[in-house]
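Accompanying notes for the structure given below.
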Amino acid sequence: MSDSMRVALHLRVKAGREAEYDASHREVPAELVQAIRDAGVNDWTIWRSGQDLFQLIDCDDYAAMLAKLEELPVNVAWQVRMAELQEVTHDYSDEGAGAGLPVVWHLNGDGS
């Protein structure tokens with residue numbers, strides 16, 4: 001069994017900025033990708049349906065990951081860029097550390 005945690009988020013792209021949002025994620029800076037990995041992220045997937053974004057983050061500790069990335073210059077620059085494109089952005093506050101979507105149902109791979 002893994003000690004990692006999964007966090008699901010629901011964010012929203014500004015109307016008319018969907019293509020720009022998608023394009024920006026084809027060019028995530030390598031330095032940011034490495035910083036995300038160094039902050040304990042094992043996997044991060046984003047799905048988009050219209051303006052709605054659904055993110056699933058598999059990490060060692062979500063609150064610790066946010067704390068490590070919050071003031072990092074490459075992430076600060078990225079978050080400024082995302083704020084231009086999103087109505088609802090990633091929340092780096094203490095409240096945001098616990099603001100993932102609540103689990104309603106989960107089919108466990110071990111049959112439980």
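The values are calculated or read from the model by the stated rules, or taken from the named source; none is laboratory data. No experiment lies behind these values; they were computed from the predicted model shown. Note: ideal-geometry Cβ built from the backbone for every residue, glycine included; neighbour counts use all protein chains shown.
Just a few scattered comments:
- Looking only at the stretch 14-72, and only at residues there that are of a type in the set (S, T, Y) and closer than 19 Å to A83 by Cβ, the one that is surrounded by the most Cβ atoms within 10 Å (Cβ to Cβ): Y21
- Scope the stretch 41-52; condition under 10 Å from the mean Cα position of the chain (by Cα) and under 12 Å from V13 (Cβ atoms); matching residues: I46
- Flag if E87 is free of Cβ contacts under 8 Å to residues at least 60 places away in the same chain and not basic (K, R): no
- Long-range neighbours under 6 Å by Cβ, at least six apart or interchain, first residue of a type in the set (A, V, I, L, M) within the stretch 52-71, second at pLDDT 95 or above and assigned to a helix (DSSP H, G or I): L69/N75
- Subset of the stretch 73-90 that is more than 23 Å from R6 (Cα to Cα) and touching a strand residue (DSSP E or B) at 6+ places or on another chain (Cβ under 8 Å) - its residue that is surrounded by the fewest Cβ atoms within 10 Å (Cβ to Cβ): E87
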